[in-house]
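The values are calculated or read from the model by the stated rules, or taken from the named source; none is laboratory data. All figures in this text were calculated on a predicted structure; none of them were measured in a lab. Note that each Cβ is placed from the backbone with ideal geometry, even for glycine, and that neighbours are counted across all protein chains shown. These accessible areas exclude ligands, DNA and RNA; they are computed on the full protein's heavy atoms, side chains included. Shrake-Rupley method; radii C 1.70, N 1.55, O 1.52, S 1.80 Å.
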Amino acid sequence: MAAENQYETHEYDVVVIGAGGAGLRAAIEASAQGVKTALVCKSLLGKAHTVMAEGGIAAALGNVYPEDNWKVHFRDTMRGGKLLNNWRMAQIHAQEAPARVLELEEWGALFDRTKNGLILQRDFGGHRYARLAHVGDRTGLEMIRTLQNHAVHQGIDVYMECNVQRLLKDGERICGAFGYWRESGKFILFKCKAIVLATGGGGKAWKITSNSWEYTGDGITVALDAGADLIDVEMVQFHPTGMVWPPSVRGILVTEGVRGDGGTLKNSEGKRFMFNYIPEFFRAETAETEQEADAWYEDKKNRRTPDLLPRDEVARAINAEVKAGRGTPHGGVFLDIASRRPADYIKRRLPSMYHQFKELANVDITTEPMEVGPTCHYFMGGVRVDADTTATTVPGLFAAGEVAAGLHGANRLGGNSLSDLVVFGRRAGLYAAEYAKNFTGSLTVNMDEVEATAQQLVAPFDGKGGENPYAIHADLQDCMQTQVGIIRTEKELKQALDKLATFKQRLTQVSVEGNRQYNPGWHLALDLYSMLEVSEAVTLAAIERKESRGGHTRDDYPQTDPKFAKVNVVVRKRQGELRISQEPLPEMPEELRKLVEEQK
Amino acid sequence: MATQEVKMRVWRGDAKGGAFREYRVPAGEGMVVLDVIHAIQATHASDLAVRWNCKAGKCGSCSAEINGKPRLMCMTRMDLFRPGETITVAPMKTFPIIRDLVTDVSFNFERAKRIPAFKPKAKEPDGTRRMVQEDIDRVQEFHKCIECFLCQNVCHVIRDHEENKKYFAGPRFFVRLAALEMHPLDTNDRLELTKEMAGLGFCNITKCCTEVCPEHIKITDNAIIPLKERVVDEFYDPLARLLRKIGGK
Ligand SMILES: Cc1cc2nc3c(=O)[nH]c(=O)nc-3n(C[C@H](O)[C@H](O)[C@H](O)COP(=O)(O)OP(=O)(O)OC[C@H]3O[C@@H](n4cnc5c(N)ncnc54)[C@H](O)[C@@H]3O)c2cc1C
Ligand code: SF4
Ligand code: SF4
Ligand code: FES
């Protein structure tokens, strides 16, 4: 029955799954290395999350502050990540980001300029110097279009609206991937030597989120299923400033660039409350008064405003203000740039924020404050990779971008994702190509396994249980939002685990209507598999880490615990079950440790 | 606007044919058309096909014709319409239907492949790239394009003339060509192509494309007309061409 020609089949050396910044850069590199490369994505080309990135890409170019260099960027990244980062990744990232940004310029990107005609850089939270190369507040668009055009001109084969569901292995090694075309619902089989995962995160399991429908954690799930390790998945970033009103736009991102360009957070009493939330860890480098904070915008010799503390700090502070009854009418806080900067400056620096609030909320940000609150934004955790090569623990499987873990530790600094994509995207393409070239053995796809997967994937059409995938998704989002949110407790996390088990049960009873052609109900039913698996991994890891650090805040363990400073929480799947363990972090060399510990 | 029921007519069908179907769903404050489509999916028609990603006007996935007007569904607020008005949502007409609101926009991706790549000139002697903001402002306007293809959809040259697609790249790609032509670092010459293969001559400056562009790119005034002038200079006015070559772009 398992005839090979039953499915559309393609053979490649390297298949890159995901066409955001990381996937595009990986495919460009692999193809430049001369191996046969495919690029697969589940939306149209150019629509990945990367297109939405607003504020900028972090790189110590030193165009605005010549004092800036990789060492300062490295230090900021490590401190922002509460030292849970993989130091080697943080080092490579800080060292290589400038070259990758300049490379984008060689490929046609047009960043905003300084007076001297160089790339302009803007302030962002946790970065000591103005460091983010940007194009107004639509940096991601510039980046993805530049990479997309470059990839297209290289003649890379692109499979759009093609959804990968499983990775295939021959013994221990990767040998292919299996998925479906969204348009026709037909299956497609890739046979290949190496795979680069660049599928992004999983924030769509939360209710209030800046993430699109694509963020269902597919890459994390297929990697787990293939036997790869995950680390740090308890570290979910809640961006402090998402829109809160009207309800239909709740969660849509408001770039940190608003604060970088002079906006400040205020509570309902009109107070700039961030001064009350400066943690010990950042006290030495943070301004204590409004005058000092405002002076910092003009001259970086002053200490930085607490409005731009790392995101985890700001998100918790907003949460606390709202809880204390000092929130706005719609349960957020105010973000005010209107009273602080002239209207034409705001429109020039933040055109898409201006547009977004005007069109979606009837708010003119040049005359009124915005209402903002935390929104689920980014997965620091994900697939464990080797720092230099991006190789996962499965031979032939590489990972880069948001799906991979390590660089950002417990909390990511703004702007460090876009740079992550190009730095490690390039490395993933390079080392996957090298692996494919060096591999001389033969690989066989197990067609019985493929056939079994195909059966599972169409099962929802025969489902008689009557469960609606949209209803399960809504319940999952409620559960993760309330019980695995910004502030966590063991009791609630365990309740969440119980609920996740019932959702899994319900998923076996799911039924979808219609046929296989472009059927969103069916697609969601399949996406739920990965959303549930990722949610379970996050919840288990959150129970395991009995301390508060970065994106992970435990009400029952409110302090950071030095014991946990030395370990990653690792998740792997064995015999169909998720297993949790703690494993030591790689040890940082002495000279880098000194850099990190410098106070100011 | 508290929650109230809205009446929607949504086109359902595939390449073989289809029809408008009526749905009634509750709509809350601030909702956009895409929210209502999602509500229909969740409660009435789980297989209603629609493309979307960012829900914030940034990715250009959710283009459709709403009450006959080409728009992004995620940026079209329900309170734009009169209470009680039936709102009609149809797929873009210029592209072949895949299913419901989803069309086959591959024409655009094929066209993109044919545009000669960016080819930068040599770096400055000190190894940097220097450009003044004023010189890149106009190109940055073109780079705002989110590839929603609404301009392609509305342009009469291809909207009712499938046969012209062979000869006409469409406004989105005139924007792209203009961006490359006016890029201060670029050295590639695309004017021959612009004239011959992209079919710039077909455009009779109706400005319909500019009107629908959600990024407010002045497609006709800032991209198409300057391109037309360059083509004229290049092919019919050797002196102007020479001056332009000497003076940089
Ligand atoms: C609104 C917003 C603003 C942001 N602003 C900034 C910023 O200013 N600076 C910054 O540094 N970061 C920012 N970020 C974060 C950053 O944009 C993302 O982390 C980053 O773009 C992720 O890139 P990626 O290449 O890893 O994945 P993505 O760009 O998300 O791409 C993922 C790709 O994987 C594909 N894919 C996923 N699953 C499958 C599957 N099963 N089969 C096939 N293909 C699949 C998708 O189709 C897509 O092509 C922002 C994020 C958001 C949401
Ligand atoms: S101005 Fe030209 S390109 Fe634009 S719609 Fe009219 S004919 Fe088409
Ligand atoms: S030019 Fe405007 S209308 Fe045309 S594709 Fe780009 S954003 Fe859309
Ligand atoms: S969903 Fe991205 S533009 Fe509408």
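Annotations
- Taken together, B:71, B:82 contain a single residue that is more than 16 Å from ligand 3 (Cβ to nearest atom) and either more than 14 Å from residue B:31 (Cβ to Cβ) or out of contact with any Lys or Arg (no Cβ under 6 Å at 6 or more places or on another chain) (or both), which is B:82.
- Residue check for residue A:23: at pLDDT 95 or above and either under 22 Å from residue A:285 (Cα atoms) or open to solvent by 10 Å² or more (accessible area, probe 1.4 Å) (or both): no
- Residues that are surrounded by fewer than 24 Cβ atoms within 10 Å (Cβ to Cβ), under 30 Å from residue A:188 (Cβ atoms) and either in contact (Cβ under 8 Å) with a residue 24 or more places away in the chain or more than 13 Å from ligand 1 (Cβ to nearest atom) (or both) are absent from segment A:90-97.
- Among the residues making up segment A:99-121, a single one is more than 12 Å from chain B (Cβ to nearest Cβ) and surrounded by 24 or more Cβ atoms within 10 Å (Cβ to Cβ): A:121.
- Test: residue A:50 is open to solvent by 10 Å² or more (accessible area, probe 1.4 Å), under 26 Å from residue B:180 (Cβ atoms) and within 14 Å of chain B (Cβ to nearest Cβ): yes
- Members of segment A:372-427 found to be closer than 16 Å to residue A:22 by Cβ and among the polar types (S, T, N, Q), listed by number: A:389, A:390, A:392, A:416, A:417, A:419
- The residues in segment A:166-184 that are more than 24 Å from residue B:49 (Cβ to Cβ) and open to solvent by less than 10 Å² (accessible area, probe 1.4 Å) can be counted, and the count is 5.
- Selection from segment B:140-180 of residues that are in contact (Cβ under 8 Å) with a residue 60 or more places away in the chain, within 14 Å of ligand 2 (Cβ to nearest atom) and among the charged types (D, E, K, R): B:159, B:172, B:176
- Residue list for segment B:38-74, filter: within 16 Å of ligand 1 (Cβ to nearest atom), at positive phi and free of Cβ contacts under 8 Å to residues at least 24 places away in the same chain: B:55
- Count of segment B:75-104 residues which are within 14 Å of another protein chain (Cβ to nearest Cβ) and either open to solvent by 10 Å² or more (accessible area, probe 1.4 Å) or in contact (Cβ under 8 Å) with a residue 60 or more places away in the chain (or both): 14
- Of all residues in segment A:403-417, those that are away from chain B (no Cβ under 14 Å) have Cβ atoms under 8 Å from Cβ atoms of residues that are within 16 Å of ligand 4 (Cβ to nearest atom) and open to solvent by 10 Å² or more (accessible area, probe 1.4 Å), 6 or more apart or on another chain, in A:417/A:53.
- Number of the exception - residue A:199 against (1) under 28 Å from residue A:419 (Cβ atoms); (2) away from every other protein chain (no Cβ under 13 Å); (3) more than 13 Å from ligand 1 (Cβ to nearest atom): (3)
- In segment B:185-229, the qualifying residues are those that are more than 15 Å from ligand 3 (Cβ to nearest atom) and of a type in the set (Asp, Glu), and the one that is farthest from residue B:111 (Cα to Cα) is B:229.
- Residue count for segment A:415-469, restricted to those that are of a type in the set (Lys, Arg) and open to solvent by less than 30 Å² (accessible area, probe 1.4 Å): 1.
Residues checked against (1) under 17 Å from the mean Cα position of the chain (by Cα); (2) closer than 19 Å to residue A:419 by Cα:
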residue: A:35; (1), (2): no, no
residue: A:44; (1), (2): no, no
residue: A:47; (1), (2): yes, yes
residue: A:73; (1), (2): no, yes
residue: A:76; (1), (2): no, yes
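- Qualifying residue in segment B:28-44 (condition: surrounded by 14 or more Cβ atoms within 10 Å (Cβ to Cβ) and within 16 Å of ligand 3 (Cβ to nearest atom)): no
- Qualifying positions in segment B:1-33 - under 26 Å from the mean Cα position of the chain (by Cα) and within 9 Å of chain A (Cβ to nearest Cβ): B:14, B:30, B:31, B:32
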